[in-house]
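Bear in mind that the values in this text are calculations on the coordinates, not laboratory data. All values reported here derive from a predicted model rather than from experimental measurement. Cβ placement follows ideal geometry from the backbone for every residue including glycine, while neighbour counts extend to all protein chains displayed.
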Ligand code: FEO
Ligand code: CA
Ligand code: CA
């Protein structure tokens with residue numbers, strides 16, 4: 001598995017992959033309750049009382065509160081699968097490169113040389129690496145949020161990780177297991193995190209504004225406030241913040257969320273691996289509870305990128321703070337960084353319109369490998385609701401429901417509104433039952449099994465529950481899923497979609513297949529090599545009476561597969577050459593209801609690079625129950641009943657884009673008029689053998705700059721030749 005996509009599997013709980021508990025039957029019928037899903041004046045500029053209409057949420061959606069009609073056709077010809085080192089879009093469309101790794105974000109910063117020699121100290125003002133989630137925030141003439149700004153915006157995006165070989169002149173310098181060139185490490189600290197960058201459209205062309213006062217990099221050194229129930233708790237005490245109320249930086253920012261009050265949520269995914277913790281010397285210094293927590297989150301080992309290793313350390317422990325070993329003599333951790341891993345694994349709120357604001361880590365939303373946080377529509381008088389996934393195999397799906405109910409007057413209050421809605425609420429985990437229903441179980445101290453009597457982890461208080469949300473979800477009996485990646489809420493039906501990117505034969509065994517994770521099969525590559533388990537993934541969806549409801553109905557919208565795979569047991573959605581795909585990751589609804597699917601695939605790469613597909617989904621229950629016969633490597637079989645959404649055929653699911661060599665397609669947003677689609681291309685050419693770095697003709701990719709250049713992650717803009725709305 002490539003380094004960018006580390007999937008630390010730490011769930012050894014006895015929870016069934018799907019609960020055997022039969023949930024209460026949902027009372028939900030047809031469209032009942034859907035009126036409550038409609039937005040109610042989500043942001044200033046949005047119309048008021050339109051309950052019962054299908055007005056989408058304001059951020060990233062519709063200008064002037066006027067909803068576009070739901071798209072009923074996909075008006076483009078599908079793109080063929082490709083292994084070319086190029087971005088392919090349909091005829092009648094063009095893609096331009098907007099914002100690449102290293103691009104300068106201040107007037108004083110020189111153009112990027114892209115040979116590994118650019119000055120490390122400038123990278124806090126350059127585009128980061130591994131572009132991931134992205135969100136369009138319309139920028140008005142007054143410098144504030146504008147729902148109608150179709151030609152000026154702040155793009156906010158994540159920079160998840162790095163391709164180390166291309167970042168430095170000769171790759172990372174490592175001697176005897178230690179980083180010895182501190183400037184290389186500083187550069188890496190800076191290229192992770194988040195970019196806020198102003199973009200403008202002039203004469204039909206989108207460019208970024210190098211000297212915008214809004215441009216900002218948030219990275220692993222940026223001071224952050226810890227907020228919510230776990231802030232100031234004993235779990236957060238570090239030498240940097242002996243009272244446990246602040247921390248430095250954010251890392252492995254994968255997908256994202258946005259709020260009705262115009263802020264961005266960046267989500268910390270595979271953060272655990274960055275911490276160094278030498279178990280041979282540290283375990284003896286730790287309590288049994290601490291060891292259980294470390295094991296459940298995967299905090300052990302040398303530390304990804306070896307950031308703790310440069311010597312000597314700085315006075316403010318820029319390197320040492322990545323060492324989570326108990327090294328000091330204090331009893332509370334105020335003289336070392338033994339608790340530093342507890343300050344990561346959160347959703348972090350950023351106000352893109354306030355460049356000097358301090359980001360806040362929202363602890364009420366729980367600590368896990370956050371892929372992203374996807375909001376239900378904000379409705380006046382109803383709680384704010386987020387759906388979230390924990391991206392590792394056999395991990396869970398979560399939901400956050402605010403205590404405060406939405407008041408549209410908060411739409412312009414920025415992080416202060418976040419304090420109101422994101423610091424006080426209830427966290428839930430999902431149970432998917434075999435009868436096609438499901439329920440949300442509460443993760444609150446002394447609720448159900450989440451208490452001091454839970455074995456193997458006796459919870460002490462609510463801060464403990466939130467810091468150890470994975471263990472709380474174990475206690476609650478949540479359903480182990482096939483790697484939850486992105487979620488998306490259908491703006492017309494309120495149905496929630498979540499990609500389950502894939503699993504393998506040891507983590508989705510034949511025996512552990514269940515209704516919601518129903519496949520175990522062999523996806524043979526063209527060279528005959530076997531790939532077993534659920535290597536192509538699927539997309540589950542559910543529908544609630546309203547977002548704060550505790551029950552739902554679910555089905556599987558789509559199953560990834562080769563078009564040539566067994567139609568009875570593997571290619572359950574009837575995919576064809578025009579729309580077959582593997583490993584869904586990014587998922588997003590445009591304001592016109594087109595559902596976009598992005599892939600981060602390793603299974604189908606013998607045939608095609610990663611891709612973007614457009615879909616016209618129906619809704620939960622539009623298909624039928626179906627029995628699948630699974631077969632493992634020994635020939636043993638098991639039948640499973642699942643629920644499969646209506647097959648899309650060739651008109652309701654089409655491949656829209658194929659990316660360059662070894663990239664992942666991730667992150668997608670649109671201008672409010674739907675005429676510009678912004679998409680991120682992550683890590684082209686990532687599998688670069690270090691030994692070949694001096695021979696550019698051997699680089700796996702030269703995208704986007706071509707010739708013999710080093711590849712760069714980048715944001716592209718896709719528009720129609722005729723200036724029309726993309727895809728509809
Ligand atoms: Fe960073 Fe879950 O993909
Ligand atoms: Ca992802
Ligand atoms: Ca991924």
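What whole-number value in cubic angstrom gives the convex hull volume per residue for the C-alpha atoms of the chain? Don't skip to the end; give the middle numbers.
Numbers: hull volume 105.9 nm³, N = 728.
Cα convex hull per residue, to the nearest whole number: 145 Å³.
Please work out the FRET efficiency for the pair residue 461 and residue 84, using the Cβ-Cβ distance as r and a Förster radius of 60 Å; give the result to the nearest 0.05. Present the calculation step by step, with values, prior to reporting the outcome.
Values: r = 55 Å, r/R0 = 0.92.
FRET efficiency, residue 461 to residue 84: 0.60.
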Kirkwood hydrodynamic radius (C-alpha pairs) into Stokes-Einstein, the range 291-352, 25 °C and 0.890 mPa s, D in µm²/s: 186 µm²/s
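In square nanometres, what is one fourth of the surface area of the convex hull spanned by the alpha carbons of the range 264-416? Walk me through the intermediate numbers first.
On the way: hull surface 45.9 nm².
It is 11.5 nm².
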Residues 610, 390 arranged by fewest to most Cβ contacts within 10 Å: 390, 610
Value of [θ]222 nm, deg cm²/dmol, for the chain, DSSP H segments ≥ 4, -39500 (n - 2.57) each, nearest 500: -2000 deg cm²/dmol
Ranked by how many other beta carbons lie within 10 Å on average, peptides 641-650, 245-254, 347-356 from highest: 245-254, 347-356, 641-650
Fewest-first ranking of 319, 521, using other Cβ atoms within 10 Å as the exposure measure: 319, 521
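What do you get for Rg/Rh over the range 321-393 if you use C-alpha atoms and the Kirkwood form of Rh? Each step should come with its number before you reach the end.
Details: Rg = 16.6 Å, Rh = 15.1 Å.
Result for the range 321-393 is an Rg/Rh of 1.10.
Give, in nm to one decimal, the length gained when the segment between residue 108 and residue 314 is fully stretched (0.36 nm per residue of separation minus the Cα-Cα distance). Let's see the in-between values first.
Numbers: separation 206, 0.36 × 206 = 74.16 nm, distance 2.70 nm.
Length difference between fully extended and current span is 71.5 nm.
Have a look at the DSSP beta bridges in the chain and tell me what percent are antiparallel, nearest 5. All intermediate terms of the calculation are to be shown ahead of the outcome.
Working: 125 of 131 bridges.
DSSP beta bridges in the chain are roughly 95 percent antiparallel.
Roughly what % of DSSP beta bridges within the range 101-220 run antiparallel, to the nearest 5? Working shown, then result.
Numbers: 25 of 26 bridges.
Antiparallel: roughly 95 percent of the beta bridges in the range 101-220.
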Rounded FRET efficiency, nearest 0.05, which uses the C-beta distance separating residue 207 from residue 142 and R0 of 22 Å: 0.50
With eigenvalues of the C-alpha gyration tensor scaled by 5 and rooted, the range 382-456, Å: 28, 16, 12
Contact order normalised by residue count of the range 101-220, Cα under 8 Å, 6+ apart, percent: 29 percent
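Going from the alpha-carbon gyration tensor of the range 100-145, what semi-axes, largest first and in whole Å, does one get by taking the root of 5 times each eigenvalue?
Numbers: eigenvalues 132, 41, 11 Å².
Here the semi-axes work out to 26, 14, 7 Å.
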Pair-distance profile P(r), taking every C-alpha pair of the range 612-728, with 10 angstrom steps and integer %: 11, 25, 23, 23, 15, 2
Ellipsoid semi-axes in whole angstrom, largest first, where each is sqrt(5λ) of the Cα gyration tensor of the range 101-220: 31, 13, 11
Proxy reagent accessibility, fewest Cβ within 10 Å first, across 601, 585: 601, 585
Theoretical gain in end-to-end length, residue 622 to residue 281 [0.36 nm per residue, Cα-Cα removed]: 117.1 nm
Distant alpha-carbon pairs in the range 453-516 (separation over 19 angstrom), percent: 54 percent
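Just subtract the alpha-carbon distance of residue 638 and residue 330 from 0.36 nm times their residue separation and send over the number in nm, one decimal. Each step should come with its number before you reach the end.
Details: separation 308, 0.36 × 308 = 110.88 nm, distance 5.46 nm.
That pair, residue 638 and residue 330, stretches by 105.4 nm at full extension.
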Computed FRET value (nearest 0.05) for residue 97 with residue 452, which takes r as the C-beta separation and R₀ as 45 Å: 0.25
Burial order of peptide ranges 449-456, 661-668, 619-626, 174-181 (average beta-carbon count within 10 Å, highest first): 661-668, 619-626, 449-456, 174-181
